[in-house]
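Student: Let me give you the structure first, and then I'll get to my questions.
Please treat every number below as a calculation from the coordinates, not as lab data. On a predicted model such as this, the values are computed, not experimentally measured, just so you know. Please note: Cβ atoms are built from the backbone with ideal geometry, for glycine as well, and neighbour counts cover all protein chains shown.
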Amino acid sequence: MRELELLIIGSGPAGLCAAISAAASGARVLILERSFAPGGQLIKQTHMFFGSERQYASHRGVDIAGILLKKLEEYGDRVELMCNATAVGFYEDNVVTVLKDEKEYFKIKAKSVICATGAYEKSLAFPNNDLPGIYGAGAVQTLMNVYGVKPGDRVLMVGAGNIGVIVSYQLLQAGVEVAAVLDAAPKIGAYLVHASKLARMGAPILCSHTVKEAIGTDCLEAAVVCRVDERFQPVPGTEQRFDVDVMCISVGLSPLNELLAMRGVEMKYVPQLSGSVPLRTENCETCIPGIYVAGDASGIEEASSAMAEGYLAGLCAAAALGHVPEDYEARRQEYLRQLEGLRSGPVGERIRAGMKLSAL
Amino acid sequence: MFEQTGVATREMVMEKFPPIERINKGPVAVVECYQKIPCNPCQTACPFGAIQIGEDINEIPRRDEAVCTGCGVCVAKCPGLSIMIVDGSKSPDTVEFRIPYEFLPLPAAGERVVGLDRAGEPICAATVKKVMNPPAFDRTPVITLEVERKYLYEFRNFRREAEARG
Ligand SMILES: Cc1cc2nc3c(=O)[nH]c(=O)nc-3n(C[C@H](O)[C@H](O)[C@H](O)COP(=O)(O)OP(=O)(O)OC[C@H]3O[C@@H](n4cnc5c(N)ncnc54)[C@H](O)[C@@H]3O)c2cc1C
Ligand code: SF4
Ligand code: SF4
């Protein structure tokens with residue numbers, strides 16, 4: 001069985017930054033990535049990111065992945081990146097079982113593990129929601145921006161959070177007509193600059209609306225939507241039909257962290273962080289020493305905060321393994337300051353509340 | 001309304017425009033960023049320090065119309081595509097806009113296009129004067145358009161005519 005110092009599961013912005021940070025301190029790192037390419041969500045983000053310069057704001061997500069991978073190369077053979085490798089089990093003795101290329105199955109034992117597995121898309125229950133043509137918004141974004149496949153001609157987007165609004169804009173860029181963007185909430189959840197970008201392209205955003213049913217025999221042909229009241233109950237007589245061949249569901253993400261639960265890490269359901277999350281210290285360490293969490297796996301936020309958390313977790317994990325850089329405390333404080341800055345505004349209110357509830 | 005549709009009201013828009021005297025003097029940035037979000041590339045990008053957000057990156061950007069030269073560097077840098085340049089110095093009847101436009105195929109200089117308002121509704125005709133897409137803009141082309149002056153506070157986007165798209 002292969003034994004190593006630090007194992008990082010997931011190569012999104014959190015995992016890559018954790019690796020950069022730990023390797024910079026001198027730790028030897030293995031990153032497992034279940035996808036065929038590293039970068040996590042970043043590789044399908046063709047829009048410019050928010051944040052500050054330190055989180056590469058105003059760069060496109062896909063380019064940020066390139067910048068981080070290039071940085072990682074500086075550490076040479078101290079870092080190994082294994083793609084098509086899924087961590088499938090995480091056991092008490094810190095053994096992680098890995099399925100590689102869907103055929104090799106082996107064990108790895110690590111002194112320390114950072115879980116940076118990201119999130120999964122939530123779905124929505126309505127009649128015929130299994131018709132072909134109904135996708136998660138993230139799936140459509142992957143189809144378009146990673147594989148270059150146009151999903152259809154006319155789309156109904158369900159969900160006006162950042163993802164729904166950004167993917168709608170990218171659908172327009174791909175030449176797909178956006179019939180409407182719905183949200184059951186009374187207000188748009190996305191950053192309003194993104195919403196305005198979409199609105200001035202003529203794509204209507206309908207708040208207090210939900211999808212009632214999908215219509216089609218072999219695939220999606222239309223969708224019936226209706227207004228909802230303050231208690232999210234459908235208002236009879238407000239039905240509207242949209243003839244669409246694609247529907248995207250973008251009703252939020254949930255942290256993906258079952259591996260940590262399996263390992264016995266103490267978890268808690270925190271609605272502000274969008275699901276079940278591990279309790280952790282300010283250094284991203286869970287209740288089990290040497291096991292860390294960073295990025296969306298610890299609560300749904302943004303790539304900017306995922307990067308800062310990754311840097312912090314990598315720094316602290318490496319330090320606990322004996323690789324303490326001279327400027328350890330200064331760097332730790334800097335990452336904590338960055339996180340505080342990103343979460344300090346009104347849109348960070350939920351996250352701040354969630355952080356309190358999940359603090360160890 | 002804005003929080004339900006993403007379409008800013010006339011009052012909100014007016015607040016972001018400098019006085020007409022300033023617009024008539026020459027190009028100036030209009031920064032339509034209304035919500036506190038953690039973002040500050042506009043401040044970082046401006047070579048003249050004309051946009052201030054401050055220490056807390058959640059603050060709303062403030063553009064100083066006396067300092068802004070209308071150079072346009074910030075337009076392609078804003079991830080919200082919320083900045084445009086207006087210039088009323090060219091003629092008494094028209095105004096020039098420089099807006100970010102991330103759709104292909106790009107229009108050509110001289111092309112007549114349909115001017116759209118903030119809800120994407122067609123409101124006027126517009127003429128493309130210039131198309132800028134240098135590497136420094138990082139795939140956010142900036143299009144200069146000439147529009148009748150009375151649409152100064154309504155114009156915000158454009159659409160190419162179906163036949164021009166081929
Ligand atoms: C449409 C859209 C727009 C966005 N826009 C912005 C934006 O403008 N600004 C911003 O800051 N953020 C934005 N985000 C959010 C940002 O992309 C995420 O918050 C960020 O990617 C989270 O990083 P992460 O590293 O935690 O997870 P991810 O990027 O999801 O990476 C997790 C990685 O772990 C891998 N993985 C999972 N499980 C396993 C396993 N068992 N074994 C091996 N590998 C595994 C996955 O394959 C994936 O590569 C956007 C997200 C979306 C979907
Ligand atoms: S137009 Fe130029 S001077 Fe004016 S705010 Fe933008 S970058 Fe600064
Ligand atoms: S860069 Fe754009 S979205 Fe970001 S704060 Fe400045 S104006 Fe607002």
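Student: Most exposed first by the Cβ proxy, i.e. fewest other Cβ within 10 Å, how do A:Glu104, A:Glu326, B:Glu102 rank?
Tutor: Listed from fewest to most nearby Cβ atoms, that is A:Glu326, A:Glu104, B:Glu102.
Student: What does the average come to when, for each residue of peptide B:3-15, you count the partner chain Cβ atoms lying within 10 Å of its Cβ?
Tutor: 4
Student: May I pose another question? For chain A, what is the relative contact order in percent, using Cα pairs closer than 8 Å and at least 6 residues apart in sequence?
Tutor: Reported relative contact order: 20 percent.
Student: Still on this structure, please answer the following. Answer with one residue from A:Met267, A:Ile31, B:Asn133: the one whose Cα lies farthest towards the positive end of the charge dipole of the protein assembly as shown, charges on Cβ with Lys, Arg +1 and Asp, Glu -1.
Tutor: Of the listed residues, the answer is B:Asn133.
Student: If you put +1 on each Lys and Arg Cβ and -1 on each Asp and Glu Cβ, how big is the dipole of chain A around its Cα centre, in Debye rounded to 20?
Tutor: Dipole about the Cα centre, nearest 20: 420 debye.
Student: If you don't mind, there's one more thing I want to ask. Pull out the extension gain between A:Met1 and A:Ala330, defined as 0.36 nm times the separation in residues minus the alpha carbon to alpha carbon distance; nm, one decimal.
Tutor: Taking 0.36 nm per residue and subtracting the Cα distance, the gain is 114.7 nm.
Student: Got the relative contact order for chain B handy, in percent, Cα pairs under 8 Å and 6 or more residues apart?
Tutor: Relative contact order here is 19 percent.
Student: Further question: What relative contact order, as a whole-number percentage, does the stretch A:232-336 give when Cα pairs under 8 Å and 6 or more residues apart are counted?
Tutor: Normalised by residue count, the contact order of the stretch A:232-336 is 18 percent.
Student: Could you please rank B:Cys33, A:Cys115, placing first whichever residue has the fewest other Cβ atoms within 10 Å of its Cβ?
Tutor: Going from sparsest to densest Cβ surroundings: B:Cys33, A:Cys115.
Student: Taking 0.36 nm per residue of sequence separation and subtracting the Cα-Cα distance, how much length would be gained by fully extending the chain between A:Glu213 and A:Val95, in nm to one decimal?
Tutor: Full extension from A:Glu213 to A:Val95 adds 37.9 nm.
Student: Name the shape class, rounded, prolate or oblate, that the alpha-carbon gyration tensor gives for chain B, where a ≥ b ≥ c are the square roots of its eigenvalues, rounded holds for a/c under 1.5, and otherwise prolate holds if a/b is larger than b/c and oblate otherwise.
Tutor: Rounded, because the longest to shortest axis ratio a/c is under 1.5.
Student: Which of A:His59, A:His194 has the fewest other C-beta atoms within 10 Å, and how do the rest follow up to the most?
Tutor: Ordered from fewest to most neighbouring Cβ atoms within 10 Å, A:His59, A:His194 come out as A:His59, A:His194.
Student: Place a point 7 Å from the Cα of B:Phe103 along the Cα-to-Cβ direction; which residues of the stretch A:171-187 have their backbone N under 18 Å from it?
Tutor: Counting backbone N atoms under 18 Å from the label point, the list is A:171-181.
Student: Give me the distance in nm between label points sitting 7 Å out from Cα along the Cα-to-Cβ direction at B:Gln52 and A:Lys356, one decimal.
Tutor: 3.3 nm
Student: Can you give the longest run of chain A that contains no trypsin sites (Lys or Arg not before Pro) sitting in a DSSP loop with at most 16 other Cβ atoms inside 10 Å?
Tutor: Value returned for the longest uninterrupted segment is A:232-360.
Student: I'd like the mean, over residues of B:54-60, of how many other protein chain beta carbons sit within 10 Å of each residue's own Cβ.
Tutor: Mean number of neighbouring Cβ atoms from other chains: 4.
Student: In terms of the Cα gyration tensor, with a ≥ b ≥ c the square roots of its eigenvalues, is the stretch A:265-360 rounded because a/c is under 1.5, prolate because a/b exceeds b/c, or oblate?
Tutor: Oblate shape, in that a/c is at least 1.5 and b/c is the bigger or equal ratio.
Student: Of A:Ala303, A:Ala24, A:Ala317, which is the most mobile in a GNM of chain A whose springs link Cα atoms less than 10 angstrom apart?
Tutor: Per the Cα network of chain A with a 10 Å cutoff, A:Ala24 tops the list.
Student: Which of A:Ile67, A:Met82, A:Val98 sits farthest toward the positive end of the charge dipole of the stretch A:23-110, with +1 on the Cβ of Lys and Arg and -1 on the Cβ of Asp and Glu?
Tutor: Value computed over the given set: A:Ile67.
Student: Could you tell me what percent of the DSSP beta bridges with both partners in the protein assembly as shown are antiparallel, to the nearest 5?
Tutor: Bridges in the protein assembly as shown that DSSP calls antiparallel: roughly 65 percent.
Student: In whole angstrom, note down how far apart the Cα centers of the stretch A:166-242 and the stretch B:91-155 are.
Tutor: Using only Cα atoms to place each centre, the spacing works out to 28 Å.
Student: Only Lys, Arg, Asp and Glu count, each charged at its Cβ (+1, +1, -1, -1), so figure out the dipole size of the stretch A:65-127 about its Cα centre, rounded to 20 debye.
Tutor: 120 debye
Student: Hey, how many Å between the Cα centroid of the stretch A:336-354 and the Cα centroid of the stretch A:65-117?
Tutor: 30 Å
Student: Let me ask another. Hey, in the GNM for chain B with a 10 angstrom Cα cutoff, which one of B:Glu32, B:Glu21, B:Glu148 fluctuates hardest?
Tutor: B:Glu21
Student: For the ranges A:217-225, B:132-140, what's the packing order if you count other beta-carbon atoms within 10 Å of each residue, average per peptide, and put the highest first?
Tutor: Result, highest mean Cβ count within 10 Å first: A:217-225, B:132-140.
Student: Now for a different question. Quick one: putting +1 on the C-beta of Lys and Arg, -1 on the C-beta of Asp and Glu, what dipole do you get for the stretch A:123-249 around its Cα centre, in Debye to the nearest 20?
Tutor: 480 debye
Student: Given A:Gln338, A:Ala18, A:Tyr147, which one lies farthest toward the positive end of the charge dipole of the protein assembly as shown, if we put +1 on the Cβ of every Lys and Arg and -1 on the Cβ of every Asp and Glu?
Tutor: Looking along the dipole axis, the top candidate is A:Gln338.
Student: Once you sort the root eigenvalues of the Cα gyration tensor of the stretch A:123-249 as a ≥ b ≥ c, which label holds: rounded (a/c under 1.5), prolate (a/b larger than b/c) or oblate (the other case)?
Tutor: oblate
Student: Still on this structure: Taking the Cβ of A:Gly237 as the centre, find all other residues whose Cβ is under 14 Å away and add up their charges (Lys, Arg: +1; Asp, Glu: -1).
Tutor: Around A:Gly237, the charge tally is +1.
Student: Got a sec? Which residues in the stretch A:229-248 would a label at A:Lys150 touch, if it sits 7 Å along Cα→Cβ and we count backbone N under 14 Å?
Tutor: The answer is A:245-246.
Student: Further question: Which whole number gives the average count of other chain Cβ atoms within 10 Å of the Cβ atoms across peptide A:52-61?
Tutor: Shielding by partners across A:52-61 averages 5.
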